[in-house]
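K.L.:
Before we start, here is the structure in question, set down as structure tokens.
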Amino acid sequence: MVSTLDGLLRSGRPRVMGILNVTPDSFSDGGRHLVVDDAVAAALRMESDGADILDVGAVSTRPGAEPVSVETERDRLLPVLEALGGRLEIPVSVDTDRACVFAAALDRGAAILNDVTALRGDPEMASLAASAGCPVVLMHMRGDPRTMQDAPRYDDVVEDLKAFFEERMAAFVGAGGDASRCILDPGIGFGKTLEHNLAILARIDELKALGRPVLLGCSRKSFLGRILDRSEPLGREYATAATTARAFHDGVDMVRVHDVRAAVDVIEVLAAIRDARRKGD
Ligand code: HH2
């Protein structure tokens, strides 16, 4: 169990969270890891490519996605966690907003909660995460996946995010949690227009000023397709690499990506250049 974030974060460069979706319908990798052996192979490949964390999700949250039953989520997720048991050095986070699913995942070695509802999806989740003592990703989402892209509006998206994170961290503390375990994620693409996503990426420093680690999930998302006029998610890999480079520059603590090797390469090269400058100073 990763009980503090200290062992997880590395100052000066983002950690890489590899995405493993065990779903039939995720927007870019749906259906690729439904067979347990395929999911395990993908997880091991991400680890050997340099992932620092593996994020396993069993429900798609793409815009318009319909909810699935608890049984379906458990049936997709738990066999994969069981098959991974003891085979990975890196910690596993679980992308779920259901407390009973996360409780079962904890029993199977999960070490981090990635909750796209920031503990609002299930009244039991905050106290479970608090008592588990694990790091918790609090992601911002406006509405829910079915409705979130219906004309999202904010007065000032970054100010709204800051207020939201303060409120969700307070809720976690109120449930007995320790705010030092929270990782803040602006939820790129979750109830945001292209302009909102770009404003967030341009003003990451304001989120960093909250004093908590920041996670960014831009990988292959449709706002990149909007910029480039490219509908195919797999065609957005260079665009994703650009966001990883920007994340490095902005001191973002974690990037959540499908192509782990691409992100690791970007970060390694930028770190080498920065370190050369330091040595030369
Ligand atoms: N994005 C997705 C899912 N989970 N979790 C966090 N913390 N941040 C994100 O940006 C984020 C997330 C959506 O991407 P993906 O998992 O690839 O797709 P899908 O939801 O269709 O499975």
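K.L.:
Which one of these is of a type in the set (V, I, T), over 25 Å from I19 (Cα atoms) and within 16 Å of the ligand (Cβ to nearest atom): V173, V157, V214?
P.N.:
One residue alone meets the criteria, V157.
K.L.:
Shifting gears a bit: Taking region 12-52 as the region of interest, how many residues are farther than 18 Å from R220 by Cβ and not in a loop (DSSP other than H, G, I, E, B)?
P.N.:
Here the count works out to 11.
K.L.:
Go through region 1-26 and give me each residue that's buried (at least 18 other Cβ atoms within 10 Å of the Cβ) and over 25 Å from D250 (Cβ atoms).
P.N.:
Scanning region 1-26 gives L20, N21, V22, T23, S26.
K.L.:
Regarding D97, is this residue among the acidic types (D, E) and within 14 Å of the ligand (Cβ to nearest atom)?
P.N.:
It is true that D97 is among the acidic types (D, E) and within 14 Å of the ligand (Cβ to nearest atom).
K.L.:
Report yes if some residue within region 155-172 is within 26 Å of P63 (Cβ to Cβ) and modelled with pLDDT under 95; otherwise report no.
P.N.:
Checking region 155-172: at least one residue is within 26 Å of P63 (Cβ to Cβ) and modelled with pLDDT under 95.
K.L.:
While we're on this one: Kindly check whether there is at least one residue in region 255-264 that is assigned to a helix (DSSP H, G or I), away from the ligand (no atom under 16 Å from the Cβ), under 29 Å from V22 (Cβ atoms) and out of contact with any Gly (no Cβ under 6 Å at 6 or more places or on another chain).
P.N.:
Yes, region 255-264 contains at least one residue that is assigned to a helix (DSSP H, G or I), away from the ligand (no atom under 16 Å from the Cβ), under 29 Å from V22 (Cβ atoms) and out of contact with any Gly (no Cβ under 6 Å at 6 or more places or on another chain).
K.L.:
Which of the residues spanning region 59-84 are outside any helix (DSSP H, G or I) and away from the ligand (no atom under 16 Å from the Cβ)?
P.N.:
Of everything in region 59-84, just one residue is outside any helix (DSSP H, G or I) and away from the ligand (no atom under 16 Å from the Cβ), namely S69.
K.L.:
I would also like to ask the following. For residues that are surrounded by fewer than 22 Cβ atoms within 10 Å (Cβ to Cβ), more than 10 Å from the ligand (Cβ to nearest atom) and not β-branched (V, I, T), tally how many sit in region 29-41.
P.N.:
Qualifying residue count for the region: 6.
So that you can scan it fast, the table gives a plain yes or no per residue for (1) touching an Asp or Glu at 6+ places or on another chain (Cβ under 7 Å); (2) over 26 Å from V137 (Cα atoms):
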position	(1), (2)
R203	no, no
R226	no, yes
P233	no, no
E237	yes, no
A245	no, no
R256	yes, no
D265	no, no
V269	no, yes
I273	no, yes
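K.L.:
Next up: So which of G18, G31, G12 is at positive phi and in contact (Cβ under 8 Å) with a residue 60 or more places away in the chain?
P.N.:
G12
K.L.:
Something else: Determine whether G7 is free of Cβ contacts under 8 Å to residues at least 12 places away in the same chain and in contact with a Pro (Cβ under 8 Å, 6 or more places away or on another chain).
P.N.:
no
K.L.:
Given A51, A43, which one is under 18 Å from the mean Cα position of the chain (by Cα) and free of Cβ contacts under 8 Å to residues at least 60 places away in the same chain?
P.N.:
A43
K.L.:
Kindly evaluate D95 against the criterion of being within 21 Å of M141 (Cα to Cα), of a type in the set (D, E, K, R) and either at pLDDT 95 or above or in contact with a His (Cβ under 9 Å, 6 or more places away or on another chain) (or both).
P.N.:
When the stated conditions are applied, D95 passes them.
K.L.:
Return yes when S26 is within 16 Å of the ligand (Cβ to nearest atom) and not charged (D, E, K, R) and no when it is not.
P.N.:
In short, yes.
K.L.:
Follow-up question, since we're still on this one. Quick check on this structure: which one of I204, I227, I188 is of a type in the set (A, V, I, L, M, F, W, C), within 13 Å of the ligand (Cβ to nearest atom) and in contact with a Leu (Cβ under 9 Å, 6 or more places away or on another chain)?
P.N.:
Just one listed residue meets the conditions, I188.
K.L.:
Continuing with the same structure: Which of the residues spanning region 114-127 are of a type in the set (A, V, I, L, M, F, W, C) and more than 10 Å from the ligand (Cβ to nearest atom)?
P.N.:
Matches in region 114-127: L119, M125, A126.
K.L.:
Oh, and also: Among the residues of region 163-177 satisfying the criterion of being surrounded by 15 or more Cβ atoms within 10 Å (Cβ to Cβ) and not in a helix (DSSP H, G or I), which is nearest to the chain's Cα centre (by Cα)?
P.N.:
G177
The values are calculated or read from the model by the stated rules, or taken from the named source; none is laboratory data. Given the structure is predicted, the values throughout are model-derived calculations rather than measurements. No Cβ is skipped: glycine too gets one built from the backbone with ideal geometry, and neighbour counts run over all protein chains shown.
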